[in-house]
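Enquirer: Input: one structure, supplied below.
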Amino acid sequence: MCQRKAAGTLWLTCGHFQRHMVTAVYDCMSVKCEQSYVHPKDCRSRECIRVYGPDVQDIIDRVNDKCLQCQWQEQKAAQAQNKS
Ligand SMILES: [Zn+2]
Ligand SMILES: [Zn+2]
Ligand SMILES: [Zn+2]
């Protein structure tokens with residue numbers, strides 16, 4: 001299956017990769033992959049792969065912290081604890 005190369009930030013504390021943008025697409029050149037350039041447009045097969053494979057991570061910067069989503073979840077958990 002095809003894969004996308006994504007530029008992004010690696011958050012070192014939680015290990016999450018935050019994608020900023022897709023910079024390239026690697027075409028697998030398979031007629032059974034709907035994302036591929038060689039896949040026939042009128043193909044009606046249900047066997048074909050529709051999704052991209054895992055992103056090829058192009059790490060443009062590393063931050064020694066948790067990602068915003070993890071920070072947010074931690075805040076929410078702390079707030080829930082305060083209420084009880
Ligand atoms: Zn493909
Ligand atoms: Zn197909
Ligand atoms: Zn995270």
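Enquirer: Of all residues in region 36-61, which are in contact (Cβ under 8 Å) with a residue 24 or more places away in the chain and either out of contact with any Ser or Thr (no Cβ under 8 Å at 6 or more places or on another chain) or within 16 Å of ligand 3 (Cβ to nearest atom) (or both)? Outline the logic, then answer.
Expert: Of the residues in region 36-61, the ones in contact (Cβ under 8 Å) with a residue 24 or more places away in the chain are 36, 49, 51-61.
Matches in region 36-61: Val51, Tyr52, Gly53, Pro54, Asp55, Val56, Gln57, Ile59, Asp61.
Enquirer: Of the numbered conditions (1) out of contact with any strand residue (DSSP E or B) (no Cβ under 8 Å at 6 or more places or on another chain); (2) modelled with pLDDT of 95 or more; (3) part of a loop (DSSP other than H, G, I, E, B); (4) among the charged types (D, E, K, R), Lys66 fails exactly one; give the number of that condition.
Expert: Of the numbered conditions (1) out of contact with any strand residue (DSSP E or B) (no Cβ under 8 Å at 6 or more places or on another chain); (2) modelled with pLDDT of 95 or more; (3) part of a loop (DSSP other than H, G, I, E, B); (4) among the charged types (D, E, K, R), the odd one out for Lys66 is (1).
Enquirer: Another question, if that's okay. Here is a list of conditions, (1) away from ligand 2 (no atom under 13 Å from the Cβ); (2) modelled with pLDDT under 95; (3) not acidic (Asp, Glu), and Leu12 meets all of them except one; can you say which number that is?
Expert: Here Leu12 meets the rest and fails (2).
Enquirer: Also, I was wondering about something else. Out of curiosity, is Gly15 within 16 Å of ligand 3 (Cβ to nearest atom), out of contact with any Pro (no Cβ under 9 Å at 6 or more places or on another chain) and free of Cβ contacts under 8 Å to residues at least 12 places away in the same chain? Break it down into steps so the answer makes sense when it comes.
Expert: Working: within 16 Å of ligand 3 (Cβ to nearest atom): yes; out of contact with any Pro (no Cβ under 9 Å at 6 or more places or on another chain): yes; free of Cβ contacts under 8 Å to residues at least 12 places away in the same chain: yes.
Criteria met by Gly15.
Enquirer: Within region 37-58, can one find any residue that is loosely packed, with under 11 Cβ neighbours inside 10 Å, among the β-branched types (Val, Ile, Thr) and either at pLDDT below 95 or assigned to a loop (DSSP other than H, G, I, E, B) (or both)?
Expert: yes
Enquirer: Additional query: Scanning for something among the aromatic types (Phe, Trp, Tyr), part of a strand (DSSP E or B) and over 30 Å from Glu74 (Cβ atoms), does region 5-17 turn up at least one residue?
Expert: no
Enquirer: So which pairs qualify, if the first residue must be in region 62-84 and among the β-branched types (Val, Ile, Thr), the second must be surrounded by 11 or more Cβ atoms within 10 Å (Cβ to Cβ), the Cβ gap must be under 7 Å, and the two must be at least 6 apart or on different chains?
Expert: From residues that are among the β-branched types (Val, Ile, Thr), the pairs are Val63/Thr9; Val63/Trp11; Val63/Leu12.
The values are calculated or read from the model by the stated rules, or taken from the named source; none is laboratory data. In this text, all values refer to a predicted model and were calculated from it rather than measured experimentally. Here Cβ is always computed from backbone atoms with ideal geometry, including for glycine, and neighbour counts include all displayed protein chains.
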